[in-house]
Amino acid sequence: MFWVKGVLLYFVLVNLWTGLLKLIQIALEKIKSYILDKSREKQIQYIKNSNRKKLVKSIKCEMFLEDKLNILIPYFPFQSKMDYSDEELMYEIRKDYKILFFYLKKLLPFKISSIIIIYLIIEYYFKFDISKYLQNVELGELSTIFNNITLLPSLIVVVIIIVSIFFISRNGVFKKAKSKVKVEEVENKIKFHKDNRILLNSLLFDGYKNIEHILLKRNSLIKQVDEKDDITSLQFDWLNNIEDINELNMYIENTERRNRDLFPFAFGIYHISFWKLFNLYSEKNRVNKLKAIFLTKEHMENVIKQKWISPENFEKMLNDKILTSVKTIIYIEKYLVIINRKLNKQHYIYSFLAFITNKDK
């Protein structure tokens, strides 16, 4: 009965720790939301004042803080019916399982937090001094262990035989094939990012021009709308339609068609710029989204034809578009810096080991 109470105490403490983590998540999410809201207010003001230097610094600072907060915020799965739209059957079948298994795994005693909890229960509930016990281990017991080292060569031979049998078994062959597929998957991801950075660099060249033109003409556009009380007369002939957008979209579509389960942004890099780019590439209307970000002539002409756009909200719409464009450009630039460093970095130790083990061929 005494041990049963200890197990129950373990479950209680693990749940209390999980609850504390959930409270930390909620608090940090609120802090992040507050920072993003305040940053946005400042950034809109910088756009109105044509202060590009402060605008860029503010966005970079926001990106840094959001990236670090995302690392600190504890992960808790969330699943709502909206994720499945009107597919009620799928929702009913899949609901709660991800969340259920997440909380069940929290109870496993193999996590650092669980080990600490177990130690505290043994130390303070069962009144068993673990550190004192380890200090009092007799030298005779240690000598017995060392004397058995003579059995080590035989043990190694047995292990080698078992490993050999495993690798020639059906399960071993399957594991080997699976590892080979994983290697090919990493190679495909590297190829995607090598091609993607070239396409993005080309896209940025014309994209910068459009955003720069909008920034320069922002005040005159607002003044023109205020004077004429009409937005349909605006002309955007000084903006470019960027053909590289279609080229990038075709490349993404071809990659998705060839490798539907590639997920190239699951690349072992967790910077927020990667997730922002992943969300952009996952858009159903990706081409229109890219045209909106790079403020193409076609996009701006379509915007002023929308019924919800009026002379009264034109300035707000324009400021929001400029801010979204500059932010996305900064995220793309950060992605390019990280991926270029990742792909071009020399790994001298790996190259040396690969050479001497003949694994470089």
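Going by neighbour counts of Cβ atoms within 10 Å, the residues Thr255, Thr296 line up, fewest first, as Thr255, Thr296.
Glu243 sits among other residues whose Cβ lies under 14 Å from its own Cβ, and their net charge, with Lys and Arg +1 and Asp and Glu -1, is -1. Segment 32-73 and segment 271-323 have Cα centres spaced 19 Å apart.
Charge tally for Ile252 (other residues, Cβ to Cβ under 13 Å; Lys, Arg +1; Asp, Glu -1): 0. For Leu221, neighbours were defined as the other residues whose beta-carbon sits under 15 Å from its Cβ, and their charges (Lys and Arg +1, Asp and Glu -1) total -2.
Where a number appears in this text, it was derived from the coordinates with a stated rule and is not lab data. Keep in mind that what you see is a predicted model, and the values were worked out from it rather than measured. Using ideal geometry, Cβ is built from the backbone for each residue, glycine included, and neighbour counts are taken over all protein chains shown.
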